[in-house]
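Undergrad: Before I ask anything, let me first share the structure, which is written out below as structure tokens.
The values are calculated or read from the model by the stated rules, or taken from the named source; none is laboratory data. It should be emphasised that the depicted structure is a prediction, and the values quoted were computed from it without experimental measurement. Cβ placement follows ideal geometry from the backbone for every residue including glycine, while neighbour counts extend to all protein chains displayed.
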Amino acid sequence: MKNIFLILGLCASVALHAQTFENPLKNGALKVSQNKRYLVHENEKPFFWLGDTAWELFHRLNREQAEIYLKRRAEQGFTVIQAVALAEFDGLHVPNPYGDLPLEFDDPNKPNEKYFQHVDYVINKAAEAGLYIGFLPTWGDKVFRGGWGKGPEVFTPENAKNYGKWLGNRYKDRKNIIWVLGGDRNPRHEADVNIWRAMARGIEEGIGNNKAMMSFHPQPNEESSAEWFHTDEWLDFNMFQNGHCRDKPVYDYISRVYNKMPTKPVIDAEPIYEDHPVCFNAKDLGVSNAYDIRKYAYLDLFAGAFGHTYGCHDIWQFYSPYREAVNNPHIYWQEAMELPAANQMKFVRQLMESRPMLDRVPDQSLIEENNLYVGERIQATRGNDYAFIYSSAGKPFTVNLGKISGTSLNVNWFNPKTGEVKFVEKVENKGKKNFIPPSAGYGNDWILVLDDVSKNYGFK
């Protein structure tokens with residue numbers, strides 16, 4: 001009997017891994033949607049950003065390793081890989097696997113062609129796998145070291161513009177580049193702001209007639225990139241980093257930026273990583289788990305984010321026995337690719353792509369229990385004819401019906417751990433109704449899915 005269950009379990013695992021996703025690159029270049037809330041392709045098809053923070057990808061992996069990583073992430077449903085050209089781990093002085101440094105004499109005016117040929121190769125392989133690269137020209141410590149990181153600080157407005165222009169021209173025909181300035185540093189003053197603006201101008205000049213899709217990756221803060229660049233024309237969407245602590249009210253941060261004018265899309269581009277010391281304090285707080293990761297994903301998205309980035313402590317630095325490590329990673333990157341939350345992120349994408357994305361808005365008025373603290377948070381979002389309600393700890397809640405179309409609604413429970421969907425009943429779309437998730441307590445998160453019956457929505 002034990003062997004039978006083992007065989008069945010293996011079959012289920014293979015079936016999930018074999019699931020394929022559409023290659024988003026076939027839909028053309030990215031742009032901001034007409035309602036300024038989402039990214040869409042040039043054919044107007046919505047694009048769901050499911051990112052992974054592979055910051056050291058260009059710097060630490062050889063070509064064979066990079067292909068293994070990219071292929072697996074594409075199979076798992078990821079759409080964006082966030083990676084850095086001038087990397088954090090002494091990226092100007094420690095060479096890539098082929099012995100090449102990115103700059104000659106630490107001079108941004110003098111990029112090393114051989115180093116960037118390797119970057120080219122990885123970007124091309126990502127495109128073959130159907131992946132976009134969230135491309136950081138440099139980690140932020142090359143502008144402001146800030147007491148950690150190794151720098152050195154090499155950028156001025158002049159060489160930042162030249163370097164940006166060189167990169168923009170080099171990659172102007174690549175269809176899978178999303179430009180991300182910053183890199184874990186907040187501008188201290190106007191001089192820093194001017195460096196980043198100069199780099200953005202350079203990229204745009206280098207690209208020429210093609211529109212650069214661009215954002216800025218900050219340190220943890222409550223205002224995101226909007227604090228410095230919200231009205232800059234080059235900033236197409238805002239990015240957060242909420243840091244590596246549990247149960248921060250990120251939905252409030254997302255909402256604040258979501259409501260800024262002019263309207264721009266917003267995303268949490270670095271939440272707590274899987275297998276990361278919580279608040280950098282593993283002794284007292286332990287390490288993050290899959291539940292921590294899921295909670296941020298659904299709370300972010302249901303608060304108004306247009307996509308979400310996953311991260312893993314062992315992956316971003318590509319932990320191996322041959323490279324410097326930071327903050328005590330546990331397992332080598334190859335094994336870490338199969339951590340639970342990494343394989344649960346595809347369910348996030350499946351759910352969000354299963355219903356019309358562009359009319360989706362956050363709406364806490366759907367629920368009576370709309371302001372619970374983060375550990376038991378219930379977060380709601382809806383389109384014109386569907387609603388998703390996330391109960392982070394399986395607490396019951398009361399829905400104010402009649403806020404989406406339809407005289408009757410299909411009621412389903414979606415399990416974010418497994419992607420399984422359970423149909424419950426049909427209800428009249430009026431009045432108030434209490435819903436009780438299938439289980440409750442720590443780690444028992446559930447999503448209620450309400451659909452206008454006439455739309456016949458299913459699940460991928």
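Undergrad: Which one is farthest from the chain's Cα centre (by Cα) among residues in segment 321-358 that are basic (Lys, Arg) and in a loop (DSSP other than H, G, I, E, B)?
TA: 323
Undergrad: Continuing with the same structure: Filter segment 47-84 down to the residues that are polar (S, T, N, Q) and in a loop (DSSP other than H, G, I, E, B), then identify the one that is surrounded by the fewest Cβ atoms within 10 Å (Cβ to Cβ).
TA: 62
Undergrad: Sticking with this structure for a sec: Quick check on segment 157-191: of everything there that is buried (at least 19 other Cβ atoms within 10 Å of the Cβ) and of a type in the set (A, V, I, L, M), which residue is farthest from residue 225 (Cα to Cα)?
TA: For segment 157-191, the residue satisfying everything is 167.
Undergrad: I need every pair where a residue in segment 258-276 that is polar (S, T, N, Q) has its Cβ under 9 Å from the Cβ of a residue that is surrounded by fewer than 24 Cβ atoms within 10 Å (Cβ to Cβ), sequence separation at least 6 or different chains.
TA: 259/304; 263/35; 263/36; 263/37
Undergrad: May I ask you to verify whether residue 387 is over 18 Å from the mean Cα position of the chain (by Cα) and in the same structural domain as residue 451 (by TED's automatic domain parsing)?
TA: When the stated conditions are applied, residue 387 passes them.
Undergrad: Condition first: in contact with a helix residue (DSSP H, G or I) (Cβ under 8 Å, 6 or more places away or on another chain) and either buried (at least 24 other Cβ atoms within 10 Å of the Cβ) or of a type in the set (Asp, Glu) (or both). Now tell me which residues in segment 282-291 satisfy that.
TA: Within segment 282-291, just 288 meets the criteria.
Undergrad: I've got another one for you. Answer yes if at least one residue in segment 103-121 is closer than 25 Å to residue 216 by Cβ, hydroxyl-bearing (Ser, Thr, Tyr) and assigned by TED's automatic domain parsing to the domain that holds residue 213, and no otherwise.
TA: Yes.
Undergrad: When only residues in segment 199-212 that are surrounded by fewer than 21 Cβ atoms within 10 Å (Cβ to Cβ) and not charged (D, E, K, R) count, which is nearest to residue 139 (Cα to Cα)?
TA: 212
Undergrad: Could you tell me how many of the residues in segment 413-442 are touching a helix residue (DSSP H, G or I) at 6+ places or on another chain (Cβ under 8 Å), in a loop (DSSP other than H, G, I, E, B) and surrounded by fewer than 16 Cβ atoms within 10 Å (Cβ to Cβ)?
TA: Counting residues in segment 413-442 that are touching a helix residue (DSSP H, G or I) at 6+ places or on another chain (Cβ under 8 Å), in a loop (DSSP other than H, G, I, E, B) and surrounded by fewer than 16 Cβ atoms within 10 Å (Cβ to Cβ) gives 2.
Undergrad: A further question follows. Is one or more of the residues making up segment 263-273 aliphatic (A, V, I, L, M), assigned by TED's automatic domain parsing to the domain that holds residue 179 and farther than 29 Å from residue 341 by Cβ?
TA: Checking segment 263-273: not a single residue is aliphatic (A, V, I, L, M), assigned by TED's automatic domain parsing to the domain that holds residue 179 and farther than 29 Å from residue 341 by Cβ.
Undergrad: Taking segment 55-99, which residues are among the aromatic types (Phe, Trp, Tyr) and under 19 Å from residue 175 (Cα atoms)?
TA: Scanning segment 55-99 gives 58, 78.
Undergrad: Considering only segment 146-196, state which residues are part of a loop (DSSP other than H, G, I, E, B), at pLDDT 95 or above and of a type in the set (Phe, Trp, Tyr).
TA: Once the filter is applied, which keeps residues that are part of a loop (DSSP other than H, G, I, E, B), at pLDDT 95 or above and of a type in the set (Phe, Trp, Tyr), segment 146-196 yields 155, 171.
Undergrad: Now a separate question. Out of segment 33-46, which residues are farther than 30 Å from residue 141 by Cβ and either in a loop (DSSP other than H, G, I, E, B) or in contact (Cβ under 8 Å) with a residue 60 or more places away in the chain (or both)?
TA: Within segment 33-46, 33, 34, 35, 36, 37, 38, 40, 42, 43, 44, 45, 46 meet the criteria.
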